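For reference, the structure is listed below as C-alpha cells.
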Amino acid sequence: YVANYTVTSVDGHVVSGGIVFLVGHASAGQIGQLARRTSSLAGFVDKTGQFLLYLGVLASGGLAFFLAFILPAGPERDQLRRWCVRAATVALGAMVVTAVAQAALTGGNWGAVLHWGVDREAVGGKFGAQCAVQIVGLAGCVWSVRLRTLVAAQFTAFYGTLIAAGAFVLFGHAVASPERWLSIPADIVHVVVASIWIGGLAGLVVVLRAR
C-alpha cells in the first residue's frame, strides 16, 4: 500500500510524497505503481511562474528606484517608465500562473484547478499574502514614475520597492527559520538590494546606449 500525501509546509510551499506499507509477501516493486504521479509540467510551470515573478518585481522596483534617485531628468525616462510598467505587468501575470500551478500541485493534477477549495488552499496562505502585499508595492512603484514632485517620487519609489521586493520573505524559508529575527531582515535586505541592482543595471544600459 502507498499512503500518498500533499501538504503545505511551514514556509508555504507544497510538499508531496508517499509512505509505503508492505503486508505479507508483497514487494516494493509490485506497489510502486500505486504512488500518485505528480505532474512534472505543474512543477515546471510553478518554477517558471516564480522566476518571472521575481524578475518582474525586482525589475519594476529597481527601475522605479533608478528613475527617482539616479535619473530624475533625461530623455530616457519615458522608455524606462514603460519598462517599469511592463515589468510590473509581467509580475502580475506571473502571480496568476504561479497560483494555477500551486493549485495543480496541491490537488495532484490540473483538474484540481477547477475546485474552489483547492484554489483557496493554494492562494489563501503565505503565497496569497505575498501577492497581496506585492500588488500594493508594485502600485507604488508604477505610481512613482508618474509623479512630478521629486520628493514624492522618491518616497513612493523607495517604499514601493521595499514593500514589493520585501514581500518575497512571506513565502519562503526565512519564515520557517528558528532564527526569524535574523533570517527575515537579512532576506528583505537581500532582495531589496538585488532589486536596486537589477533596475540600476537595466537603466544604465538604456542610458549608455542612448547617449
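For the chain, find the longest principal axis of its Cα atoms and tell me its angle to the long axis of helix 40-65, 0 to 90°, nearest 10.
20
Consider a paramagnetic label point 7 Å from the Cα of VAL10 along Cα→Cβ; state which residues of region 165-208 have an amide N under 19 Å from it.
169-188
Can you give the net charge of the other residues whose Cβ lies under 14 Å from the Cβ of ALA202, counting K and R as +1 and D and E as -1?
On the way: positive: ARG77, ARG81, ARG82, ARG86, ARG209; negative: GLU76.
Summing Lys/Arg as +1 and Asp/Glu as -1 gives +4.
Label-point separation (nm) for LEU201 and VAL136, each offset 7 Å from Cα along Cα-to-Cβ?
So the label points at LEU201 and VAL136 sit 3.0 nm apart.
Compute the helix-to-body angle for 77-107: its Cα long axis versus the longest principal axis of the chain, expressed 0 to 90° and rounded to tens.
10
What share of all Cα pairs of the chain, in percent, falls into each consecutive 10 Å distance bin?
All Cα pairs, binned at 10 Å, distribute as 9, 29, 27, 18, 10, 4, 2, 0 percent.
How large is the dipole of the chain about the Cα centre if only Lys and Arg carry +1 and Asp and Glu carry -1, each at its Cβ, rounded to the nearest 20 debye?
For this selection, approximately 600 debye.
Starting from 0.36 nm per residue, how many nanometres of slack lie between LEU150 and VAL175 once their C-alpha separation is accounted for?
Numbers: separation 25, 0.36 × 25 = 9.00 nm, distance 3.55 nm.
Here the answer is 5.5 nm.
With an 8 Å cut-off on Cα pairs and a minimum separation of 6 or more residues, tell me the relative contact order of the chain in percent.
Normalised by residue count, the contact order of the chain is 26 percent.
FYI, it's all coordinate maths here, none of it is from the lab. This is a predicted model, so every value here is computed, not measured. Cβ atoms come from the backbone with ideal geometry, glycine included; neighbour counts cover every protein chain shown.
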